[in-house]
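Written out below as structure tokens is the structure these notes cover.
The values are calculated or read from the model by the stated rules, or taken from the named source; none is laboratory data. These figures come from a predicted structure and were not determined experimentally. Because the Cβ atoms are built from the backbone with ideal geometry, glycine has one as well, and the counts that use them run over all protein chains shown. Heads up: the accessible areas ignore ligands, DNA and RNA and are worked out on the full protein's heavy atoms, side chains in. Shrake-Rupley method; radii C 1.70, N 1.55, O 1.52, S 1.80 Å.
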Amino acid sequence: MLGTLGLGALGLAAAPTLQRGLESFLAGASERDPTGLTGLLPNGGGFRYYSVTASVPRKDARTYRLTVDGLVDRPATYTLADLKALPQTRTVRDVQCVTGWRVPHAPFEGVPLSRLLDAAGVRPTARAVRFTCFDGAYSESLTLDQARRSDVLVALRMRDEDIGHGHGGPVRLYVAPMYFYKSAKWLSGITVTEDVEPGYWEVRGYDVDAWVGRSNGRDDAPTS
Ligand SMILES: Nc1nc2c(c(=O)[nH]1)N[C@H]1C(S)=C(S)[C@@H](COP(=O)(O)O)O[C@H]1N2
Ligand SMILES: [Mo]
């Protein structure tokens, strides 16, 4: 993550015109950069594109699947249409990356994770949920209590648009009260487990309990 931090500082130093040129260049390059270089890219609305892998396969309504398994009575597989057919919740909160950038009042919409957990029938021995991604590398986890919060979404929309490939579409996790690294992009698996397994950045030093303003020793809490 040191590399990303360094490049983030570079991004702040770069002139806006230069950044616009870089933006079109990096938009194409974003999937080829495993180093965090794309963290330099401020795209529309203040978001930056992050991926820990050099490339990510594209999934659409025909090919996308989300599996729910592990310590559940009724494992399930959802298509994009299945997820769209469920009641959607909308949140408007500040997005905060642990490296310092923030996007105020960012709308996200999707299916509350708790709904999918309830549908699956979580077994009494379960205490945590693990998330896997079709980039083949990233992972995240939450305690079951965190996962059941009403502001944790299996998100289909971001900024009032379907989530595009660069932002983890067609489906990403959105964990509103935590640093954005919790919001796993390209979500493909939800596995109910006995214990929390630290995720990709967490085995590399970030806090597993990633409450904004109360973890990682960095930022103040957002105002909303
Ligand atoms: N699969 C996957 N999810 C991920 C990441 C990633 O590299 N791969 N980066 C995380 C981090 S550190 C941040 S800040 C956000 C960035 O989301 P964005 O690219 O939509 O801005 O995604 C999070 N989820
Ligand atoms: Mo991040």
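Spot the failing condition for R172; the list is (1) under 22 Å from T67 (Cβ atoms); (2) free of Cβ contacts under 8 Å to residues at least 60 places away in the same chain; (3) open to solvent by 30 Å² or more (accessible area, probe 1.4 Å), and only one is missed.
Here R172 clears every test but (3).
Hey, can you tell me all the residues within the range 117-142 that are in contact (Cβ under 8 Å) with a residue 12 or more places away in the chain and farther than 16 Å from S183 by Cβ? Give the derivation first.
Initially, the range 117-142 is screened for residues in contact (Cβ under 8 Å) with a residue 12 or more places away in the chain, giving 117, 119-123, 125-142.
Result: L117, A119, A120, G121, V122, R123, T125, A126, R127, A128, G136.
Give the residue, chosen from Y206, Y181, that is within 12 Å of the chain's Cα centre (by Cα), within 16 Å of ligand 2 (Cβ to nearest atom) and open to solvent by 10 Å² or more (accessible area, probe 1.4 Å). Even if it seems obvious, please write down each step before you answer.
Values: Y206 fails: within 12 Å of the chain's Cα centre (by Cα).
Testing whether each residue is within 12 Å of the chain's Cα centre (by Cα), within 16 Å of ligand 2 (Cβ to nearest atom) and open to solvent by 10 Å² or more (accessible area, probe 1.4 Å) leaves just Y181.
When you go through (1) within 12 Å of the chain's Cα centre (by Cα); (2) open to solvent by 20 Å² or more (accessible area, probe 1.4 Å); (3) within 15 Å of V68 (Cα to Cα) one by one for T191, which number turns out not to apply?
Unmet for T191, out of (1) within 12 Å of the chain's Cα centre (by Cα); (2) open to solvent by 20 Å² or more (accessible area, probe 1.4 Å); (3) within 15 Å of V68 (Cα to Cα): (1).
Taking into account only those residues within the range 68-103 that are within 16 Å of ligand 1 (Cβ to nearest atom) and among the polar types (S, T, N, Q), which is surrounded by the fewest Cβ atoms within 10 Å (Cβ to Cβ)? Spell out the reasoning first.
Going through the range 68-103, the residues within 16 Å of ligand 1 (Cβ to nearest atom) turn out to be 91, 93-103.
Narrowing further to those that are among the polar types (S, T, N, Q): 91, 96, 99.
Details: T91: 19, Q96: 25, T99: 22.
Here the answer is T91.
Which residues, counting only those in the range 140-155, are open to solvent by less than 10 Å² (accessible area, probe 1.4 Å) and over 15 Å from D209 (Cβ atoms)? If you could, list the steps in order and put the result at the bottom.
Just the residues of the range 140-155 that are open to solvent by less than 10 Å² (accessible area, probe 1.4 Å), to begin with: 140-142, 147, 152-155.
Listed by number, the residues that qualify are L153, V154, A155.
What is the number of the single condition among (1) in a strand (DSSP E or B); (2) within 16 Å of ligand 2 (Cβ to nearest atom); (3) β-branched (V, I, T) that V98 does not meet?
(1)
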